[in-house]
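So the structure is just underneath, and the comments pick up after that.
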Amino acid sequence: MRALVVDDNNVNSIVAAAYLKKFGFEVDFAFDGYEAVSLFEKSPYELVIMDYQMPGLDGAATMACLRSIER
């Protein structure tokens, strides 16, 4: 199982990844919404955890983009 953690705060990303790895997820990281969309286009993810307030695309705008390319 793969998960994508999208957060501009490294500490939050590390904590989220630690929990996800306990449940067997392989975790990829994105710093902002643009990077998240790029990664999502390349790989399938069972779970996306995202910060709402980020530079560039915020969480809501990023999710709208992800849903438009959802498999």
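Here are a few things to note about the model shown:
- Counting only GluC sites (Glu not before Pro) that DSSP places in a loop and that have at most 15 other Cβ atoms within 10 Å, the longest clean stretch of the chain runs over 1-45.
- Low-density loop cleavage sites - chymotrypsin sites (Phe, Trp or Tyr not before Pro) in the range 22-71, where at most 12 other Cβ are within 10 Å (DSSP): F23, Y52
- Here the contact order of the chain, divided by its residue count and restricted to Cα pairs under 8 Å and six or more residues apart, works out to 37 percent.
- Given charges at beta-carbon only (K, R positive; D, E negative), |dipole| of the chain in Debye: 300
- All other residues whose Cβ lies under 13 angstrom from that of D58 are scored, Lys and Arg at +1 and Asp and Glu at -1, for a net of -4.
- Shape class for the chain, computed from the alpha carbon gyration tensor (a ≥ b ≥ c): oblate, with a/c not under 1.5 and a/b at or below b/c.
- For the chain, the share of accessible area belonging to carbon and sulfur comes to 56 percent (1.4 Å probe, ligands and nucleic acids excluded).
- Near V48, the amide H atoms lying under 5 Å from its own belong to L4; only residues 5 or more places off or on other chains count, and H is placed 1.01 Å from N.
- Think of it as helices only: each DSSP H run of n ≥ 4 in the chain is worth -39500 (n - 2.57), and spread over all residues that comes to -14000 deg cm²/dmol at 222 nm.
- Dipole of the chain, positive direction: furthest Cα of V6, A17, A64, with charges on the beta-carbon: A17
- Surface exposure of the chain, expressed per residue as accessible area with a 1.4 Å probe, stands at 63 Å².
The values are calculated or read from the model by the stated rules, or taken from the named source; none is laboratory data. Quantities reported herein were computed from a predicted structural model and do not represent experimental measurements. Because the Cβ atoms are built from the backbone with ideal geometry, glycine has one as well, and the counts that use them run over all protein chains shown. We work out accessible area using only protein heavy atoms, side chains counted, and drop any ligands, DNA or RNA first. Shrake-Rupley method; radii C 1.70, N 1.55, O 1.52, S 1.80 Å.
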